Amino acid sequence: MTEAIPGRSVLVLGGARSGKSAFAQSLAESTAPERLYIAAGSAGDDEMAARIARHRAERGASWTTLEEPVALSEALVASARKDRVVLVDCLTLWLTNVMLGGSDCDAATAKLCATIATLDGPAILVSNEVGSGIVPESALGRRFRDAQGRLNAAMARACDVAVLVVAGRPVLLKPARALNIALS
């Protein structure tokens, strides 16, 4: 499916361990020989440090990595080029960093969406689909879930292509081949 996806900007959505990152990486590797991975996560503990090390090893030497937990729009503008694909993994960690840093999530989302249209090269953005899970117990959890849903919907509108990965299988959401009714 990776060769069949048209567009310069791609949003890849999926649940935890759905295969979304592997799909996005495969798509990036089929797009350009030069690749930049923008990591929104940071090693706050030993488990996260091990995850980061494992992901770097899985990507291999053909990737350059940039860690940017908050200033994602600026990093994309500075990094996107016609001869290089940029993969952002993941918007969920970025939104967490924005929210916990006390910034306005809706304003940050709007800025990121506006940035997508200005990029000089291809970008693939990975995000968790959290709306299908249980209702979070805490007010912060519910606020985050709602902000994540708004982010995903806005990014799906802003990107040329949107794909949902379920059980390791990509499902093309946009461009829609049939029913094309957008929610406002």
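A short reminder: the numbers here are calculations on the coordinates, not readings from a lab. Since we're looking at a predicted model, the values are computed, not measured. Quick reminder, even Gly has a Cβ in these numbers, built from the backbone with ideal geometry, and neighbours come from all protein chains shown.
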Taking θ = phi - 60°, what integer Hz values does the Karplus form 6.51 cos²θ - 1.76 cosθ + 1.60 yield along the range 131-147, in sequence order, with x for Gly and Pro? x, 8, x, 6, 6, x, 6, 9, 4, 4, x, 5, 4, 5, 4, 5, 5
Reduced to Cα centres, the span from the range 36-82 to the range 88-134 in Å works out to 14 Å
Work out the charge dipole of the range 69-126 with +1 on the Cβ of Lys and Arg and -1 on the Cβ of Asp and Glu about the Cα centre, then indicate which of LEU76, LEU112, THR96 is farthest towards its positive end. LEU76
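Please get the size of the charge dipole for the chain, origin at its Cα centre, with Cβ charges of +1 on Lys and Arg and -1 on Asp and Glu, quoted in debye to the nearest 20. Write down the numbers at each step before the final one.
Numbers: 20 positive and 19 negative charges, 101 e Å.
Taking the Cα centre of the chain as origin, the dipole is about 480 debye.
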Using θ = phi - 60° and the Karplus relation 6.51 cos²θ - 1.76 cosθ + 1.60, list the HN-Hα couplings for the range 51-68 in order, rounded to whole Hz, with x at every Gly or Pro. 4, 4, 4, 5, 5, 4, 5, 5, 5, x, 6, 7, 10, 9, 10, 10, 8, 9
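What's the ranking of 89-95, 34-40, 105-111 by average number of surrounding C-beta atoms within 10 Å, highest first?
Numbers: 89-95: 23.3, 34-40: 20.4, 105-111: 16.1.
Per-residue mean Cβ counts within 10 Å order the peptides as 89-95, 34-40, 105-111.
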Amide H of ALA43: which non-local residues (sequence gap of 5 or more, or other chain) have their own amide H closer than 5 Å, using H built in the peptide plane? none
